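*Asks:* Sharing a structure with you now.
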């Protein structure tokens, strides 16, 4: 990348052409890796589990590299040689030139202050917008066909009336170059395969290599003619997208069962491949995803998304474009593969529509119970309504799904960008301190009044709403600046080729070329802020158990020597997650405020801002920047995650959690995340599977967007025994019935720990 | 009329069909050696001078209307799953007056009602108490009256009579047999029980509930004598053996 940018060839190019040619240079020169016995080929880095950095986006300092190398979790080994190259070549060139440096140089100071205080995070400061999912285009068109379409658009440019004619020309030309780049990449694999073929002693492997050569000679130039080609074609496109830039959520084939089933059926009929061979190919495909950790993150970004996972989320089930049940043989086969592989990546989910059979969701639950958190379960009917509510065509909506964690999108037709997490609870803390942040010692927000003088709960709410409007405005202002910079300096012509209607519009994915353009702001800490507001309402304004002055003093001291009062707060406050309207009505008000502040506002790309409610790991980071909260949570501790109740706040079982969560108007969001914990025993028998299925069906009837079940390990149970307060919500199957773990006697807790250990894999 | 309740459990999935809410009524006339809920035996709410399950009291007074409000919250789950409400205890029949009032009220809003009972009550009380009930989970502990007296503190005569009444009324009944090693898992009791149940055409399924030591800690905490000290949980082989015996009479056996 750096070599190319410094070369003669780079001089005088338009931005899209510069990016495309740099991409071409990379694909022509990066190391080709083909592993022993691999069936699907192509790596992002020089070998599996390695990842390049993207200096044009974010140039890591030597200090960053040291941290990335040495941090205890989510670390990457950084060799001495790498450090030398950074020091001598990369840093001197990119420092001040990278996208990250550019962005930070233009953002307003008040934005930087709020960012540093942890009011919000920023997704696009060191990774590219991506967050999108491929539709079905590659199963119907080879690169040849796509080139024709691009050329037609080039020929149709109106140089007389279109003021953007030259921009379109450059973008479309860049698309052609980027396609060539991946063609070259595939050809280089063919070349390498042929070399291996020459040296290969094993006859069976020679045959495989012959087949792989034929596959990579056919695609990506031509549309895939069989199952193997379909997978390999996708994988070359995947390599292109994640090499061109470092987009969030890598990239993702989306509705894989829909796309592959025709190839699968055709292969069985023509006896090209056996079911077993195709299963093996899928396993090989899974391994490829797992080979790819997300590129190293640094700073706040590493804290908000502290994981190797790069969020490719395979969608199964749901509805077809015509609205009929989409579950097919491939859906079940893929569930088998997910169960057998038991690997972190790709993530998987099932879309469950009221039209899908129970057999499908029950099969999925049997995979869930094996205990690695997959697949998560989504409500297709809600997703479609969410997309329609955002103004999408019904067919595009039905072809959509969820990606990343839980984000709603129209696959193949939409650029939907997560722009950052928003700390709902931090804004409450600021409202209680007249806009002042004690941690960074700055006046961050407007002066909305000294909380000591609030005479009613409504006054407090008004102050919070004013602060919310201010910080959402600030976030949106920053977003629009940053979006503009991506559009201007960092187009992604290769990705643009695959998302409709970038070609027809002659516009880049990062510049609003897609049919739909959505930017999300993700609210975090819904449970925490609800419970905190509820505590103030109950104890200060209604019961007047404590006045605001004393309450604020307690918060400032982090409940020092007030453990008894803290326990009182924990036990005597109406809390979100118990189907208690006293708390849930406050939650609705919080939701409404956030929604009204964000929803429908225009983005710099001509799209709209929307909300969703998910945390990844940001609830931990956001908690670390907030002092004690009125709900009894101590300073620095994590906030509630997604739309799940605060850890331990829900005490009435899963039905009450679901009822509370369903009071959110999911259909006005672009995704919500609800986590439920259980021990494997809950799903041990058919009765358990059946009733958990009914629990999900009921939640989805109430328009719930997503639910996932986390299997509780023996380790968690041991922790719960030690810290019961944080595990109040943990329900375990005892014997024919379930009970709250922390309420069981010591002996019984030990017994269940032993049993859980026994059933773990 | 008010009742003393010691727990309400939502998402109960093993107390009758579907997703249910189980209401635990306090007080029991039996004193089974193996009782899992010794805290529920005494009638009336109790104050404790120690923490039990995070609280210093056992049971609270509540009305049928309040209970209905609590269980109505989960109506959507019942309707999706074919579930409803289960009255359990303690022994719900001990608060029969309340039970009748509550079941009438609950039935008026079309809730599916299950009664989990020892069957121990006078036939007059029993017959009134089950009129609104859709399904009875009926405990059958042992057939020998003397033994029954020894291990539960009461005769099994009224219990058997009440079971016969249910069958005569074509009520749906699920027999629950708590399998207690050395107490009721002998061949004689199993034979007697199965032969007795064979008389009833409507009874086809028996739930086998193997003894668990899960309540031992509670006895300890409450300062009760635990007569089951030294008796182990039956292993899988033993449970399978009993299952096979019962199945040989043509019954379908469900464990748990």
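*Asks:* Just one of (1) touching a helix residue (DSSP H, G or I) at 6+ places or on another chain (Cβ under 8 Å); (2) over 26 Å from residue A:146 (Cα atoms) trips up residue A:223, so point out which.
*Replies:* The single condition residue A:223 does not satisfy is (2).
*Asks:* Also, quick follow-up: Residues being within 14 Å of chain A (Cβ to nearest Cβ), under 25 Å from residue B:226 (Cβ atoms), in a strand (DSSP E or B) and touching a helix residue (DSSP H, G or I) at 6+ places or on another chain (Cβ under 8 Å): count how many of those fall in the stretch B:13-25.
*Replies:* The qualifying residues number 1.
*Asks:* Here are some residues: A:113, A:69. Which one is on the phi < 0 side of the Ramachandran plot, in the same structural domain as residue A:286 (by TED's automatic domain parsing) and without any contact (Cβ under 8 Å) to a residue 12 or more places away in the chain? It would help to see each step written out before you state the result.
*Replies:* Numbers: A:113 fails: without any contact (Cβ under 8 Å) to a residue 12 or more places away in the chain.
After applying the criteria, what remains is A:69.
*Asks:* Condition first: away from chain A (no Cβ under 14 Å) and surrounded by 15 or more Cβ atoms within 10 Å (Cβ to Cβ). Now tell me which residues in the stretch B:26-59 satisfy that.
*Replies:* Selection gives B:26, B:27, B:28, B:29, B:30, B:32, B:33, B:41, B:42, B:43, B:46, B:59.
This table checks each residue for (1) closer than 27 Å to residue A:603 by Cα; (2) in the same structural domain as residue A:352 (by TED's automatic domain parsing).
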| site | (1), (2) |
| --- | --- |
| A:410 | yes, yes |
| A:437 | no, no |
| A:447 | no, no |
| A:453 | no, no |
| A:461 | no, no |
| A:466 | yes, no |
| A:469 | yes, no |
| A:474 | yes, no |
| A:492 | yes, no |
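*Asks:* Considering only the stretch A:649-677, state which residues are buried (at least 21 other Cβ atoms within 10 Å of the Cβ), more than 9 Å from chain B (Cβ to nearest Cβ) and more than 23 Å from the chain's Cα centre (by Cα).
*Replies:* Scanning the stretch A:649-677 gives A:649, A:650, A:657, A:660.
*Asks:* Scan (1) in a loop (DSSP other than H, G, I, E, B); (2) closer than 21 Å to residue A:462 by Cβ; (3) within 14 Å of chain B (Cβ to nearest Cβ) for the single condition residue A:578 breaks and write down its number.
*Replies:* Unmet condition: (2).
*Asks:* Which one is farthest from residue A:641 (Cα to Cα) among residues in the stretch A:596-620 that are in a helix (DSSP H, G or I) and within 20 Å of the chain's Cα centre (by Cα)?
*Replies:* The first filter runs over the stretch A:596-620 and keeps only residues in a helix (DSSP H, G or I), leaving A:596-598, A:618-620.
Applying the additional criterion that residues be within 20 Å of the chain's Cα centre (by Cα) yields A:598, A:618-620.
Values: A:598: 20, A:618: 8, A:619: 6, A:620: 9 Å.
The selected residue is A:598.
*Asks:* Another question, then. Spot the failing condition for residue A:536; the list is (1) within 24 Å of residue A:596 (Cβ to Cβ); (2) in contact with a helix residue (DSSP H, G or I) (Cβ under 6 Å, 6 or more places away or on another chain), and only one is missed.
*Replies:* Of (1) within 24 Å of residue A:596 (Cβ to Cβ); (2) in contact with a helix residue (DSSP H, G or I) (Cβ under 6 Å, 6 or more places away or on another chain), only one is false for residue A:536: (2).
*Asks:* Now for a separate question. Looking at the stretch A:1-85, what helices (runs of 4 or more DSSP H) fall wholly within it and have at least 3 residues that are within 28 Å of the chain's Cα centre (by Cα)? Steps first, answer last, please.
*Replies:* On the way: elements: A:2-6, A:15-29, A:62-70, A:80-85.
Filter on the stretch A:1-85 gives A:15-29, A:62-70.
*Asks:* Return the residues of the stretch B:65-91 that are crowded, with 16+ Cβ neighbours inside 10 Å, more than 20 Å from the chain's Cα centre (by Cα) and away from every other protein chain (no Cβ under 13 Å); say none if nothing qualifies.
*Replies:* Within the stretch B:65-91, the subset crowded, with 16+ Cβ neighbours inside 10 Å is B:67-68, B:70-71, B:73-81, B:83-91.
Cutting the leftovers down to more than 20 Å from the chain's Cα centre (by Cα) gives us B:68, B:70, B:73-81.
Correct list: B:68 only.
*Asks:* Same structure again: Sort out for me the helices (runs of 4 or more DSSP H) sitting completely within the stretch A:106-204 that have 2 or more residues that are under 27 Å from residue A:410 (Cβ atoms) and within 34 Å of the chain's Cα centre (by Cα).
*Replies:* Details: elements: A:109-117, A:143-155, A:165-199.
By residue number, A:143-155, A:165-199.
*Asks:* Ok, one more. Is it the case that some residue within the stretch A:245-266 is over 20 Å from residue A:315 (Cα atoms) and in contact with a helix residue (DSSP H, G or I) (Cβ under 6 Å, 6 or more places away or on another chain)? Break it down stepwise before answering.
*Replies:* Within the stretch A:245-266, the subset over 20 Å from residue A:315 (Cα atoms) is A:245-246, A:266.
Checking the rest, the ones that are also in contact with a helix residue (DSSP H, G or I) (Cβ under 6 Å, 6 or more places away or on another chain) come to none.
No; the residues of the stretch A:245-266 include none that is over 20 Å from residue A:315 (Cα atoms) and in contact with a helix residue (DSSP H, G or I) (Cβ under 6 Å, 6 or more places away or on another chain).
*Asks:* Can we say residue A:522 is part of a helix (DSSP H, G or I), crowded, with 17+ Cβ neighbours inside 10 Å and out of contact with any helix residue (DSSP H, G or I) (no Cβ under 7 Å at 6 or more places or on another chain)?
*Replies:* Numbers: part of a helix (DSSP H, G or I): no; crowded, with 17+ Cβ neighbours inside 10 Å: yes; out of contact with any helix residue (DSSP H, G or I) (no Cβ under 7 Å at 6 or more places or on another chain): yes.
So residue A:522 does not fit the description; no.
*Asks:* While we're here: Just the residues that are more than 16 Å from residue A:696 (Cβ to Cβ) and part of a helix (DSSP H, G or I), please, taken from the stretch A:661-675. Don't jump to the end; show me each part of the working.
*Replies:* Step one: filter the stretch A:661-675 for residues more than 16 Å from residue A:696 (Cβ to Cβ), giving A:663-665, A:667-671.
Across the stretch A:661-675, the qualifying residues are A:667, A:668.
*Asks:* Condition check: over 30 Å from residue A:516 (Cα atoms) and in a helix (DSSP H, G or I). Does residue A:474 satisfy that? Steps first, please.
*Replies:* Numbers: over 30 Å from residue A:516 (Cα atoms): no; in a helix (DSSP H, G or I): yes.
So residue A:474 does not fit the description; no.
*Asks:* Okay, moving on. Looking at the stretch A:678-695 only, could you name the residues that are within 9 Å of chain B (Cβ to nearest Cβ), modelled with pLDDT of 80 or more and closer than 18 Å to residue A:658 by Cα?
*Replies:* Across the stretch A:678-695, the qualifying residues are A:688, A:690, A:691, A:692, A:693, A:694, A:695.
*Asks:* Please work out which residue is modelled with the highest pLDDT, limiting yourself to the stretch A:737-750 and to residues that are more than 16 Å from residue A:676 (Cα to Cα), buried (at least 20 other Cβ atoms within 10 Å of the Cβ) and at the interface with chain B (Cβ under 8 Å from one of its Cβ atoms). Step through it out loud before you land on a result.
*Replies:* Of all residues in the stretch A:737-750, those more than 16 Å from residue A:676 (Cα to Cα) come to A:737, A:742-750.
Then drop every residue that is not buried (at least 20 other Cβ atoms within 10 Å of the Cβ), which leaves A:742, A:744, A:748-749.
In the following step, the residues that additionally are at the interface with chain B (Cβ under 8 Å from one of its Cβ atoms) were identified as A:742, A:744, A:748.
Working: A:742: 80, A:744: 77, A:748: 74.
Per the criteria, the residue is A:742.
*Asks:* Does the stretch B:1-12 contain at least one residue that is away from chain A (no Cβ under 14 Å) and closer than 22 Å to residue B:77 by Cβ? Reasoning before the result, please.
*Replies:* Initial filter on the stretch B:1-12 (away from chain A (no Cβ under 14 Å)): B:1-5.
Retained after the next criterion (residues that are closer than 22 Å to residue B:77 by Cβ): B:5.
The answer is yes; a qualifying residue exists.
*Asks:* Further question on the same structure: Could you list all residues from the stretch A:700-736 that are at the interface with chain B (Cβ under 9 Å from one of its Cβ atoms) and either assigned to a helix (DSSP H, G or I) or modelled with pLDDT of 80 or more (or both)?
*Replies:* Within the stretch A:700-736, A:701, A:702, A:724 qualify.
*Asks:* Considering only the stretch A:17-27, I want to know if a residue exists there that is surrounded by fewer than 16 Cβ atoms within 10 Å (Cβ to Cβ) and either closer than 30 Å to residue A:173 by Cα or in contact with a helix residue (DSSP H, G or I) (Cβ under 6 Å, 6 or more places away or on another chain) (or both).
*Replies:* No - not one qualifying residue is present in the stretch A:17-27.
*Asks:* Additional query: Considering only residues that are part of a loop (DSSP other than H, G, I, E, B) and crowded, with 16+ Cβ neighbours inside 10 Å, which ones fall in the stretch A:271-288?
*Replies:* So in the stretch A:271-288, the residues part of a loop (DSSP other than H, G, I, E, B) come out as A:271-274.
Matches in the stretch A:271-288: A:273 only.
*Asks:* Here's something else I'd like to know. Of the conditions (1) at pLDDT 95 or above; (2) closer than 20 Å to residue A:412 by Cβ; (3) surrounded by 21 or more Cβ atoms within 10 Å (Cβ to Cβ), residue A:312 fails just one. Which one is it?
*Replies:* (1)
The values are calculated or read from the model by the stated rules, or taken from the named source; none is laboratory data. Only a predicted model underlies this, so the values are computations on that prediction, with no experimental measurement involved. For neighbour counting, all protein chains shown are included, and Cβ atoms are generated from backbone atoms with ideal geometry for every residue, glycine included.
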